[in-house]
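Read the structure below first, then the notes.
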Number of protein chains: 2
Amino acid sequence: MTPTRRGFLQRIGAVGGYSAAYLSMQALGLLPVASRAEPVALQPGGGRGKRVVVLGAGIAGMTSAYELQKAGYQCTVLEARERAGGRNWTIRQGTRIDLIDGTSQTCGFDRGLYWNAGPARLPSQHQKVLAYCREFGVALEVEVNVSRSAMISNAAANGGRPIEMRQAINDTRGAVSELLSKALDRGALDQELTHEDRDRVLAFLEQYGDLSPDKLYRGSSRSGYARRPGAADDAGELHKPLSLNVLLDEDLWNGVLFEELIDQQATMFQPVGGMDAIPMAFAKRLGATIRYQSEVTQIRRDGDGVRITYTHRPSGTSRTVEADYCIVTLTSPVLAKIASDFSPAYRDAIANIEWQQSVKIAWQSRRFWEQQYNIYGGISWIKGFTNMVWYPSAGLFGDQGILLGAYTSGPNGEKLAALALNEQFETTRAVVERLHPGHGHELRRPMGIAWAKVPYSLGEAAHYRPGQVAEYRLLNEPDGPFHFAGDYLSKVGTWQESAITSAHRTIARLDEQRRATA
Amino acid sequence: MTPTRRGFLQRIGAVGGYSAAYLSMQALGLLPVASRAEPVALQPGGGRGKRVVVLGAGIAGMTSAYELQKAGYQCTVLEARERAGGRNWTIRQGTRIDLIDGTSQTCGFDRGLYWNAGPARLPSQHQKVLAYCREFGVALEVEVNVSRSAMISNAAANGGRPIEMRQAINDTRGAVSELLSKALDRGALDQELTHEDRDRVLAFLEQYGDLSPDKLYRGSSRSGYARRPGAADDAGELHKPLSLNVLLDEDLWNGVLFEELIDQQATMFQPVGGMDAIPMAFAKRLGATIRYQSEVTQIRRDGDGVRITYTHRPSGTSRTVEADYCIVTLTSPVLAKIASDFSPAYRDAIANIEWQQSVKIAWQSRRFWEQQYNIYGGISWIKGFTNMVWYPSAGLFGDQGILLGAYTSGPNGEKLAALALNEQFETTRAVVERLHPGHGHELRRPMGIAWAKVPYSLGEAAHYRPGQVAEYRLLNEPDGPFHFAGDYLSKVGTWQESAITSAHRTIARLDEQRRATA
């Protein structure tokens, strides 16, 4: 920044305070956007004397209650499960997965090993959830989302042999660069490019694709070695480059480009010891505000306020909570089954929003992927309905680890979930065997989850049909005293950040509503 | 793997043992190459009664002594410094950097902060160094080599505004995909591609470049947001795409493609607490085998063996070690200054191998790059002679961290090293200010190193001139009882892995020599 410019900014800062200077710098293009979360701005103490009942102690529900209590509201959170967190669920030795199809699994992992069956990563751009981790002292570590030693594998391509990610990425770039170089040489883009620009692009492509001086792609050390270099005269042996045809046959671009999805980009994090450190931190602060094992059975209006009836599961007794407002964070498939006084349009919207299936299968195993394959974290991508094999970022270099054998959502998730558990397990074992021949037998103690079969969730994520915006918009407006919140009501996607973003907006509007009617 | 194939391999395994099965699987393309290091195979106990003097307690020297001792050799390591590690040097509170230009700096970092002034990362493919970390119990953590929130910055391009890496990478891919799509549509590659193939490539490019249906690149969420999406109807605002011309102007492809360099690819590691955990682990095991503060002054032949004279620095006295063999791991600029009985060709080779300068400048600072920029680890790339700003992977989310303000080798390193220390510091502060306006003043307690000015190193890395292979080959052969080892004698590059690779080869040949003359 030039001294003049800095002087200008300092003057603005002196007059308008930090925010003015900040916004000016942003306007000048000098600052990146949106680092650190904006603090939630409810009127301090404004909620005193007002009661809010929150349905669901997932991330959206707990965020709502935690922030509303800070502003003086008196909150009650009703949670059907014995635990907080909702879809944020970490499976460890002794954890039981009971699905609505009647299956029951008890986790037999070694002590210290865990599996995040729900959310399992935190993008560094998700400043709201990171801010809570900071506030609560939740320790984070790097989640390795990408390994160049991971693989893509399509049984119908390349003779069934998996391809290292470094080769898929760099041979593709080489092939594309070679094709474009040829086309430029032939003058195919002389309409668009001056000769000078064309030469600049040609020079760039040589570097971009690691082309030979004759502008052909003949392989690159970026794509790795069949034999790595050694001492003295041992220069090693490069992988033979794969043709673009083979790479197109693999048809796994979603995997190759995964690291470029905005919410999957480096740097990614995970809480040390399991993702449930986040809900546990919320729950600790909320204490008795959360009533566990409290299954909501009726959602009623009561004058201007609400009356919620629930079953206290251990005793089987029916109980009631009355409040001025209700924040509803249950998933729509769960909500649709509960008797309610929602307006008809809201009931229809809730009934119309479908939630998708998602199956994940986890295995305990010796870390052969590290010890024999140099794969430390990251994902191998599979053509077929199991989609991926995801290597753990936790406990690297340990002896045993938890390997995710499948993470399959949508229609393929439905197909996988329709199989018997043991068939699901063996399907993923076969996939791991294809990627890592001779190691399938090392997988043990599998655990499977199918989120649409998990009681009190009944789905992984809302799946809006194309054009289905009316329902989304409606639920983002309050229905009298009923306010909705959840990851499915934000544009952030299916993330904890989304649940928090939605909760923050919803409580701000609830607070406005209170002020307007006060 | 089909049952038949597995049966076949099990039969091979039964007959030929694990190795035979392994090699067959490799031949069938079923196994990745070169995971885990081959163990060093010296004849067990074969060295008994033989003495080896090793010059230099860097990684090559200590690896040599450690392995030779296992095989029964009696070793002495002469080290001029007070510490082991050579160029592997971690700077902490109180560390003094004395350079041969007479400057002296004492590190004032807060306790717990450190800076790896030499090697600072371990690729997961470097199995030999990882094997020693395993053997010695050196704890490793992920080194974040790449952050999509880091930036590229060329003062002469894009109005001087830095560009987020996510945008540089993905707008480039978009522009390349658009150009190639156009060229294909015009039939520019109909010689090479059938119509069917062309259509396949077109469909792929749409996904690869995130093109619009009209095959134009109009920006992509991969390139990030000017304003991130929020709750309800807030879809955020994408970055406006940068034209290929701007990206070409930036001229920072080395930075954009850095993550694809084979030895920089994810997953990367660093020892917890500092890279010197590795030499400290070696040194602990070698104990009194290493004589510190012992500066070699003469390298002589003595019959079939060697006689090394050194100055014991604390006392200033001259001492001697006699041995059957000598392993020389000193850098050639250091070696060239020592009187020796090397054959003339070796002396010439040593004199002819130049070592390059490399300057690194480190600062302590509040972690504004994390708190204001969402940058956690990774590197921003600078056009200009300071080259890069490297963000720490250690102590993420802490308050203070060590930022590398420059890492500049070769001719630019020479230029930077020629400046007064304070000018070097302010040059890098200005670069940080350009990337992170308003934060340059937060940088404090700078420390600078110029490796060609570090006593007993006098360079960062050998820089062979094009065609200079004779010297390399010669030093990879013993000169009578003198055997050479070091990172500069392997094809692995300037890495600790290279030093180990060279040492392993050298001691294996020394062991062979001993057997041949026994």
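Each value in this text was obtained by applying a stated rule to the coordinates, not by laboratory testing. None of the values given here were measured: they were computed from a predicted structure. Don't worry about glycine lacking a Cβ; one is built from the backbone with ideal geometry, like all the others, and counts go over all protein chains shown.
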* Please determine, in degrees from 0 to 90 and to the nearest 10, the orientation of helix A:59-70 with respect to the longest principal axis defined by the Cα atoms of chain A, where the helix direction is its Cα long axis. => 50
* Structure fact -> Magnitude of the Cβ-charge dipole (Lys and Arg +1, Asp and Glu -1) of the stretch B:352-490 about the Cα centre, nearest 20 debye, reported as 440
* Asked: Which loop trypsin sites (Lys or Arg not before Pro) in the stretch B:279-358, with loop taken from DSSP, have no more than 16 other Cβ atoms within 10 angstrom of their Cβ?
  -> B:K337
* At 222 nm, what helix-only mean residue ellipticity would the protein assembly as shown give, in deg cm²/dmol to the nearest 500, using -39500 (n - 2.57) for each DSSP H run of four or more? -> -10000 deg cm²/dmol
* Structure fact -> For chain A, longest principal axis from Cα atoms; helix A:195-208 axis from its Cα atoms; angle between them, nearest 10 degrees, is 80
* Structure fact -> So, with points 7 Å from each Cα along the Cβ direction, the B:Q191-A:A351 label distance in nm works out to 6.5
* Asked: Do any trypsin sites (Lys or Arg not before Pro) in the stretch A:213-261 lie in a loop, going by DSSP, with at most 16 other beta-carbon atoms within 10 Å of their beta carbon, and if so which?
  -> A:R218
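Starting from the alpha-carbon convex hull of the protein assembly as shown, give the projected area averaged over all orientations, in nm². The partial results should precede the final answer.
Numbers: hull surface 183.1 nm².
One quarter of the hull surface, i.e. the mean projection, equals 45.8 nm².
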* If you find the alpha carbon centre of the stretch A:243-304 and of the stretch A:60-75, how far apart are they in angstrom? -> 21
* Along Cα-to-Cβ, 7 Å out, sits the label point; list in nm, shortest first, how far the one on A:L474 is from those in the other copies. => 8.7
* Along Cα-to-Cβ, 7 Å out, sits the label point; list in nm, shortest first, how far the one on A:G46 is from those in the other copies. => 8.2
* Asked: Does anyone have the angle between helix B:165-185 and the longest principal axis of chain B? Alpha-carbon axes, 0 to 90°, nearest 10?
  -> 60
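Which pairs in the list B:K50/B:K491; B:K128/B:K284; A:K491/B:K240; B:K128/B:K383; B:K284/B:K491; B:K128/B:K453 are over 27 Å apart, alpha-carbon to alpha-carbon?
B:K50/B:K491; B:K128/B:K383; B:K284/B:K491; B:K128/B:K453
Given charges of +1 on the Cβ of Lys and Arg and -1 on the Cβ of Asp and Glu, with all other atoms neutral, how large is the dipole of the protein assembly as shown about its Cα centre, in debye to the nearest 20?
Approximately 2680 debye in magnitude.
Report the per residue volume, in Å³, of the convex hull enclosing the C-alpha atoms of chain A. Before the final figure, lay out each step's value.
Numbers: hull volume 110.4 nm³, N = 518.
Per-residue hull volume (Cα only) is 213 Å³.
Kindly work out what percent of the DSSP beta bridges joining two residues of the protein assembly as shown are antiparallel, to the nearest 5.
Values: 106 of 143 bridges.
Antiparallel: roughly 75 percent of the beta bridges in the protein assembly as shown.
Write down the percent of antiparallel bridges among all DSSP beta bridges whose residues are both part of chain B, to the nearest 5.
Details: 52 of 70 bridges.
If I count the DSSP bridges inside chain B, around 75 percent turn out antiparallel.
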* **Charge sum, other residues only, whose C-beta stays under 13 Å from A:E67's C-beta, Lys/Arg counted +1 and Asp/Glu -1** => +2
* **Positive-end extreme of charge dipole, the stretch B:165-250 - chosen from B:P213, B:G236, B:I169 (charges on Cβ)** => B:G236
* Structure fact -> Sparse-neighbourhood loop hits (trypsin sites (Lys or Arg not before Pro), the stretch B:109-158; DSSP loop; Cβ within 10 Å at most 12 others) -> B:R111
* Give the residue from A:A139, A:G187, A:G112 lying farthest towards the positive end of the charge dipole for the stretch A:111-233; charges sit on Cβ (+1 for Lys and Arg, -1 for Asp and Glu) and the dipole is referred to the Cα centre. => A:G112
* Could you give the distance between the Cα centres of the stretch A:136-178 and the stretch A:315-369, to the whole Å? -> 35
* Asked: Between B:L443, B:L510, B:Y488, whose Cα lies farthest towards the positive end of the dipole of the stretch B:400-514 when Lys and Arg beta carbons carry +1 and Asp and Glu beta carbons carry -1, centred on the Cα centre?
  -> B:L443
* Asked: Dipole of the stretch A:269-361, Cα-centred, from +1 at each Lys and Arg C-beta and -1 at each Asp and Glu C-beta, to the nearest 20 debye?
  -> 320
